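The values are calculated or read from the model by the stated rules, or taken from the named source; none is laboratory data. Here the structure is a predicted model, which is why all the values come from computation and not from measurement. Positions of Cβ are generated from backbone atoms using ideal geometry, with glycine treated the same way; all protein chains shown enter the neighbour counts.
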Amino acid sequence: MTRLTGKIHVSYVDGSKILFRQSSVRTEILFLNDKKTTRGGGRMMNHDHIKTGTVRCAFMLCLAVIISFLNPVFVSAENEEKPVRDGYYENEVFQEGAKPGAVKTGYAYEYYRKLSEYTGWKYEYVYGGFSELYQMLLDGEIDLLAGLAFREERAELIGYPEAAMGNESYYLVKHEDDEAVTADPSTLNGCRIGVLDSAMVSVLNQYLADHHVKASVVT
């Protein structure tokens, strides 16, 4: 005879009371009598043994969890991600705060921050003058340096990004009372033009060549 009580099937086999407990995971067979064998000689498990086995499994599981907490995994400092060494020089508006503890502002600084949002980079700022930091970049002592204009000869030495970080415009200025120099490039012939010793020199020379102007460039 079989009776169904909720989700537990109760059966009687050869006088032995057997419960079939069904769930979405498994079906447990519990022998609730004290008999050790069935008619065919099959081994039966005592209900107390099942409880003991369940408790042992639960105990071993808890013990494994405790051991895992007591034995944390230590990460070697050698495996930690190294910070990106950023060459940082003082340049008004473009990059300011080039000393330890100073508040940093400027286009380049904000550019670095935006980069870190995508890359997760942590920066180690290395301070100095532009020329000094540029040499450190060539020597591999720093990883980044902002404000480097593109030059063909530089492209063989350093890695430029595919997208430029910005564009810069250069202007020629004159004395207010010098009426000989106008917007006409030809009026620059014979003039001495002062310029910073930087990428601006090559830009100016190219401008003069394009307009067939013969002038002295002073750095």
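Quick rundown of the values:
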quantity: Which numbered condition T187 misses (of (1) outside the structural domain of E110 (by TED's automatic domain parsing); (2) part of a loop (DSSP other than H, G, I, E, B)); calculated: (2)
quantity: Lone qualifier among E141, E162, E176 - being assigned by TED's automatic domain parsing to the domain that holds Y107 and either closer than 21 Å to G106 by Cα or modelled with pLDDT of 85 or more (or both); calculated: E141
quantity: Criterion (surrounded by 16 or more Cβ atoms within 10 Å (Cβ to Cβ) and in contact with an Asp or Glu (Cβ under 6 Å, 6 or more places away or on another chain)) met by exactly one of Y88, Y123, Y112; calculated: Y123
quantity: Residue list for the range 134-180, restricted to those being surrounded by fewer than 12 Cβ atoms within 10 Å (Cβ to Cβ), in contact (Cβ under 8 Å) with a residue 12 or more places away in the chain and not aromatic (F, W, Y); calculated: L157, A164, G166, E168
